[in-house]
Amino acid sequence: MDFKSLHIKNFMSFGDQSFLFSGNGLVFIEGANLDTGDSNGAGKSTIFDAISWCLFGLTVRGVKSNDVISRTVGKNCCVTLCLGHGGSDYEIKRFRSDEKFSDRMMFRVDGKMHEGGTRDITQEDLLSRLKIDFDLFRCTVVFAQGDTFNFINETDKRQKEILSKIRRVDFSEQLSGVRDEIKKVGAKTASLESNLAFLRSH
């Protein structure tokens, strides 16, 4: 995925802010906390939370649904993310307590609008096109400060699931195929050993 731009409105500590990433190469984000004089608490992590929330309805830091709304405004929360993927341009919008769109989610692909009968249907449609989910996003795209997710500490099963998504490989299917091949080789070996024993006896 090639992130091109991000617009945040009434999301957590942001009022109304736009960010342009496309054509800028490697982007360094530096914040300034006017209260403390340093960069801590300036909202840098919120940018990544906004991207994650727009894509999945979840933040990397685990902020609950209604808590993403700006406490100052209390409504009309919206994040718009534009990205490129697979030769197509995507514009994704997610709302929370919006006066016009309520809690809807919608997206455009090359200008064509896509919105299912429910937010979950729209979400599933988007992720099937992007071929990514929240866990894969966390371990391959964004590494957030204080994020407790760690691939090394995951169980063998979870590691296989994540690697399967990354490599686009169904390990269960591959393992089944290997077992079938082992059976075939075993049967062939047994047949050859039987023929060899017969020949030796003569």
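No value in this document is a laboratory result; all are computed from the given coordinates. Being a predicted model, the structure only gives us computed values, none of them experimental. No Cβ is skipped: glycine too gets one built from the backbone with ideal geometry, and neighbour counts run over all protein chains shown.
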Residue separation between ARG200 and SER13 times 0.36 nm, minus their alpha-carbon distance, gives in nm 58.9 nm
Of segment 114-137, those with amide N under 12 Å from the point 7 Å along the Cα→Cβ vector of MET1 are 126-137
For the table LYS157/LYS184; LYS4/LYS131; LYS44/LYS157, the rows whose alpha-carbon distance is greater than 26 Å are LYS157/LYS184; LYS44/LYS157
With x for Gly and Pro, the residue-by-residue ³J(HN,Hα) of segment 112-125, computed from phi through the Karplus equation 6.51 cos²θ - 1.76 cosθ + 1.60 at θ = phi - 60° and given in whole Hz, is 8, 6, 10, 7, x, x, 9, 4, 5, 5, 4, 4, 4, 4
For the GLU30, ASP89 Cβ pair and Förster radius 35 Å, calculated FRET efficiency rounded to 0.05 is 0.80
Around CYS78 (Cβ within 11 Å, Cβ-to-Cβ, excluding CYS78; K/R +1, D/E -1) the net charge comes to +3
